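Report on one structure; see the data block that follows.
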Amino acid sequence: MEFAAAHPALKAFMCGSLSGTCSTLLFQPLDLVKTRLQTLRNTAKPGSPKVGMFSVFINVIRKESVFSLWKGVSPSFVRCIPGVGIYFSTFYSLKQHYFLDRAPNAGEAVLLGAGARAVAGVCMLPFTVIKTRFESGFYNYVSVTGALRSMYKTEGVRALFSGLTATLLRDAPFSGIYVMFYSQAKRTLPAEVTSSVYVPLVNFSCGVVAGVMASLVTQPADVVKTHIQVRPSHCSTMSAIRYVYETRLALQLTDASQPKIKASVLR
């Protein structure tokens, strides 16, 4: 079957899968650094030095290898290729069903993106958990199937769906906010700009702005999701929030007291 003759939902699935493959391969090192950074800060002890993104990046290369930056790319592919395809095909189907004759407004765009992302997030959650554990550096999984087998034997099926609430609290709002900002940003631009040769640049710029805004809003849920999925204790979302908050508060109090301690020693 030719691609041009395929069903629009199937086209959306195929194009989404292709874009997911490219973005996963390109940005996997940053995703790994983000997971390592969140894990280190959640397990840091009071008085320990602060760790930044660049130091984590260099530390991975020195202690492991350059290719270790792509650790977790296999579960990322397994998750993103069908996951992004499911997202785009669901997004297209919902849009065709509810907004066939008009463009959705800001609130409807949020619901549209959140609904599509929630469906994809639930379907791909086991691979999201495995991806997070691969990237954390705490587990020595060799393959995706080996990780699935190990988690099932040692922790049960529940571990494969750990962090479901936190994942939905991150994925659904992220996609909803992204779609809203993206569509509204393009709508505010003049028609001659959105229909000119600069269309790829316009789409890229609107996507960057929308992604930054969505990331800022959903970052707390992403931190909680990582904490739950890396630790095999199956802690609830609320207990994870409490733990992260208390850990960060203890670190802040320790950092604030260090100058006073140094000053008293110098006297």
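Nothing in this text is a laboratory measurement; each read-out follows from the coordinates by a stated rule. Small disclaimer: the values here were computed from a predicted structure and weren't measured. Positions of Cβ are generated from backbone atoms using ideal geometry, with glycine treated the same way; all protein chains shown enter the neighbour counts.
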Taking Cα pairs under 8 Å and at least six residues apart, what relative contact order does the range 8-253 come out at, in percent?
24 percent
Which of rounded, prolate, oblate describes the range 8-253, given a ≥ b ≥ c as roots of the alpha-carbon gyration tensor eigenvalues and a/c under 1.5 marking rounded, otherwise prolate only if a/b is larger than b/c?
prolate
For a footprinting-style exposure proxy, rank Tyr139, Tyr245 by other Cβ within 10 Å, fewest first.
Tyr245, Tyr139
Starting from the Cα-Cα distance between Ser93 and Ser55, subtract it from 0.36 nm times their residue separation and give me the gain in nm to one decimal.
9.3 nm
Given a cut-off of 28 Å, name the pairs among Lys63/Lys225; Lys131/Lys186; Lys63/Lys153; Lys63/Lys131; Lys71/Lys186 whose C-alpha atoms lie farther apart than that in the structure shown.
Lys131/Lys186; Lys63/Lys153; Lys71/Lys186
Gain in span if fully extended, Tyr198 to Ser239, counting 0.36 nm per residue against the direct Cα distance:
10.0 nm
Can you order the peptides 202-209, 120-127 by their average number of other Cβ atoms within 10 Å per residue, highest first?
120-127, 202-209
Multiplying the sequence separation of Thr188 and Glu246 by 0.36 nm and subtracting their Cα-Cα distance, what value in nm do you get?
16.6 nm
